[in-house]
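Asker: The structure's right below; bear with me while I get my questions together.
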Amino acid sequence: MEASSVIDKLSDATNSDQQNMKAARHQRGSSIYFPALLWITQIFLTIAVIFLFSHVVSPGKYMSPDWLHMLAGWDGSWYTRIAQNGYTSIQSTAFFPGFPLAIHFVHAFTGLSYRTTAVCLANVAYFLALIVLYKLFVDYYGVNIGRKALWLMLVFPVGFFFQVAYTESFTLLASALFFYFLHKNRWYSAMVVGACAGSIHDLGVLLVLPALIHWGRKRKGMQAWRATTRLLSVVVMPSGLVAYLAFLYVKFGNPLEFLKGEAFWHRQPSIPVWNIFEQFYRLAISHATTQSEWNFTAVMLMNGLITLLFYVLGVLMVIDKTTSLEWKVFFIFTLLTSTVSVANNSLESFARFTMVIFPGYAIFGKVLKNEHAYLVTLVILLMLRVFFTGLFGDGYVIT
């Protein structure tokens, strides 16, 4: 009887281990398959919508001659020109070097055109970002919220910017990887990613704030020499930005030359949140007196409403006890800094700036606990996504 009991226990333990291993393999597979499904869905959605609009809607004044010019146009053309020719004008300095350097080296290795390289890199970076974000969301909030967050990202009204030759996908990947490495206690990997983030966009340097907060929370359980070494290593994070400033000093004689470059887009300082209502008022006045173009009105309304939504999500995040202080600081400071100025006296690019602040999608998913409300929200956002994607592909100004 005793021998039989021991054999039964060993058998149960073996079956339990096999089930745990099977569950672990399933979870690892899901962390790739689900983001891959969304990534492929988004690609086909964008292609289908642009194709449909090109046959139904009258083309806009900036209609591109082909798909490649459209996907690598606007800001994308600046990045590809920099990758090919370097910084040849003050205006070009507004575009940070991380993305152009990646385009340059991949082009040299593969022989693909600069435009093709830029579009491919943006889509690959977005795919990798989805994988990393899904793992983060699941670890922090569970599978249900993780999936909701990624679906909300897919139907984001200007989410197609993740698929074109812009830096949004690289910015999203850098910030996601940074927090993933912090979560996995891979401190020095996070520092390196933070340095890369600063070379992609000037706001990447804000990752220093959550890094210091994370260090402060973890240092009590570390040896003194390890805590000191980690604190000193934080100086690596601004190195990407510092390297670019040094280049600008050597090339143009002014390390802040990129600020002059941004001035070409008539950026002016403003008060966050208040600037949205101010622009709404100006939009209403101009529409009543001069009948401004309908697509401009639609884009400005979308930029303002999406940004207000993210401010509301920021408030909800601050009071949410399950969200880490690192995420809260990253969200609030990035959102405020992204919307502290207006370009061309409008809310230009506000939605595009906010869509990379990934914790917002998780909080949005948590708020939408009711499945009917969640599905209705998805449908509304999807309709907006289809509308603005189609206009972008058809040559209308969507920024």
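Asker: With angles folded into 0 to 90 degrees, how steeply does helix 371-393 sit against the dominant principal axis of the chain? Use alpha carbons for both and round to 10.
Answerer: That helix lies at roughly 40 degrees to the long axis.
Asker: Of 345, 370, 123, which is the most mobile in a GNM of the chain whose springs link Cα atoms less than 10 angstrom apart?
Answerer: 370
Asker: Have a look at 137, 312, 103 and report the one farthest towards the positive end of the charge dipole of the chain, computed about the Cα centre with Cβ charges (Lys/Arg +1, Asp/Glu -1).
Answerer: Working it through, the farthest residue towards the positive pole turns out to be 137.
Asker: Determine the relative contact order of segment 122-222: mean sequence separation of Cα pairs under 8 Å and six or more apart, normalised by residue count, in whole percent.
Answerer: Values: 91 pairs, mean separation 25.3, N = 101.
Once divided by the residue count of segment 122-222, the mean separation gives 25 percent.
Asker: Note down the magnitude of the dipole of segment 152-265 about its Cα centre, charges +1 on Lys and Arg C-beta and -1 on Asp and Glu C-beta and zero elsewhere, to the nearest 20 debye. Walk me through the numbers on the way to the answer.
Answerer: Details: 10 positive and 4 negative charges, 161 e Å.
So the magnitude is around 780 debye.
Asker: Enumerate the amide H contacts of residue 342 below 5 Å, restricted to partners 5 or more residues apart or on another chain; note that Pro and chain-start residues carry no placed amide H.
Answerer: Residues meeting the amide H criterion: 268, 270.
Asker: For a 29 Å ceiling on Cα separation, which of these pairs sit above it: 184/328; 61/251; 148/321; 135/369; 184/321? Mind showing how you got there, number by number?
Answerer: Details: 184/328 18 Å; 61/251 36 Å; 148/321 19 Å; 135/369 20 Å; 184/321 21 Å.
Flagged as over cut-off: 61/251.
Asker: I need the P(r) histogram for the chain: all alpha carbon pairs, bin width 10 Å from 0 out to the longest distance, whole percents.
Answerer: 4, 20, 31, 26, 12, 4, 2, 1, 0, 0
Asker: In a Gaussian network model over the chain where Cα atoms closer than 10 Å are linked, find which of 208, 124, 235 has the largest mean-square fluctuation.
Answerer: Top of the fluctuation ranking is 235.
Asker: Quick one: what are the phi-derived ³J(HN,Hα) couplings along segment 180-190, Karplus 6.51/-1.76/1.60 with θ = phi - 60°, whole Hz, x for glycine and proline?
Answerer: Running phi through 6.51 cos²θ - 1.76 cosθ + 1.60 with θ = phi - 60° gives 5, 5, 4, 4, 8, 6, 9, 4, 6, 5, 5 Hz.
Asker: Let me cross-check residue 366: its accessible surface, 1.4 Å probe, with only protein heavy atoms counted, in Å² to the nearest 10?
Answerer: Accessible surface of residue 366 is approximately 50 Å².
Asker: Out of the trypsin sites (Lys or Arg not before Pro) in segment 279-360, which ones are loop residues according to DSSP with at most 11 other C-beta atoms within 10 Å? Present the calculation step by step, with values, prior to reporting the outcome.
Answerer: Numbers: sites: 282, 321, 328, 352; in loops: 321.
Those that pass, being in a loop and sparsely packed, are 321.
Asker: I've got another one for you. Sum -39500 (n - 2.57) across every DSSP H segment of at least 4 residues in the chain, then divide by the residue count to get the 222 nm mean residue ellipticity, nearest 500. Numbers along the way, then the final one.
Answerer: Values: 18 runs with 290 residues, N = 399.
One gets -24000 deg cm²/dmol as the mean residue ellipticity at 222 nm.
Asker: Moving on to the next point. Mind listing which chymotrypsin sites (Phe, Trp or Tyr not before Pro) in segment 39-79 are in a DSSP loop and have 14 or fewer other Cβ atoms within 10 Å?
Answerer: Values: sites: 39, 44, 51, 53, 62, 67, 74, 78, 79; in loops: 62, 74.
Taking segment 39-79 and a limit of 14 other Cβ atoms within 10 Å, the loop chymotrypsin sites (Phe, Trp or Tyr not before Pro) found are 62.
Asker: Read phi for every residue in segment 202-213 and hand back ³J(HN,Hα) as whole Hz from Karplus 6.51 cos²θ - 1.76 cosθ + 1.60, θ = phi - 60°, with x for Gly and Pro.
Answerer: 4, 6, x, 5, 5, 5, 4, 5, x, 5, 5, 5
Asker: May I ask for the angle, rounded to the nearest 10°, between helix 239-252 and the longest principal axis of the chain, with both axes built from Cα atoms and the value confined to 0 to 90°?
Answerer: 20 degrees
Asker: Continuing with this model, one more query. If I fit a long axis through the Cα atoms of helix 143-154 and take the longest principal axis of the Cα atoms of the chain, what angle between them do I get, 0 to 90°, rounded to 10?
Answerer: It works out to around 20 degrees.
Asker: Relative contact order of segment 46-162, please, whole-number percent, based on alpha carbon pairs below 8 angstrom and at least 6 residues apart.
Answerer: Numbers: 61 pairs, mean separation 22.6, N = 117.
Computed over segment 46-162, the figure is 19 percent.
Asker: If you find the alpha carbon centre of segment 299-342 and of segment 344-362, how far apart are they in angstrom?
Answerer: 9 Å
Asker: Using only alpha carbon pairs under 8 Å that are at least six residues apart, calculate the relative contact order of the chain and give it in whole percent. Walk me through the numbers on the way to the answer.
Answerer: Details: 488 pairs, mean separation 95.5, N = 399.
Normalised by residue count, the contact order of the chain is 24 percent.
Asker: Long-range amide H contacts for residue 254: which residues qualify at under 5 Å (H placed 1.01 Å from N, peptide plane, sequence gap of 5 or more or a different chain)?
Answerer: 249
Asker: So how strong a dipole does the chain carry about its Cα centre when Lys and Arg Cβ are +1 and Asp and Glu Cβ are -1, to the nearest 20 debye? List each step's numbers first, then the result.
Answerer: Numbers: 28 positive and 18 negative charges, 181 e Å.
Dipole of the chain, to the nearest 20 debye: 860 debye.
The values are calculated or read from the model by the stated rules, or taken from the named source; none is laboratory data. Nothing here was measured: the structure is a model prediction, and the numbers come from that model. FYI the Cβ positions are ideal-geometry reconstructions off the backbone, even for glycines, and counts take in every protein chain you see. Please note that ligands, DNA and RNA were not included when accessible areas were found on the heavy atoms of the full protein model with its side chains. Shrake-Rupley method; radii C 1.70, N 1.55, O 1.52, S 1.80 Å.
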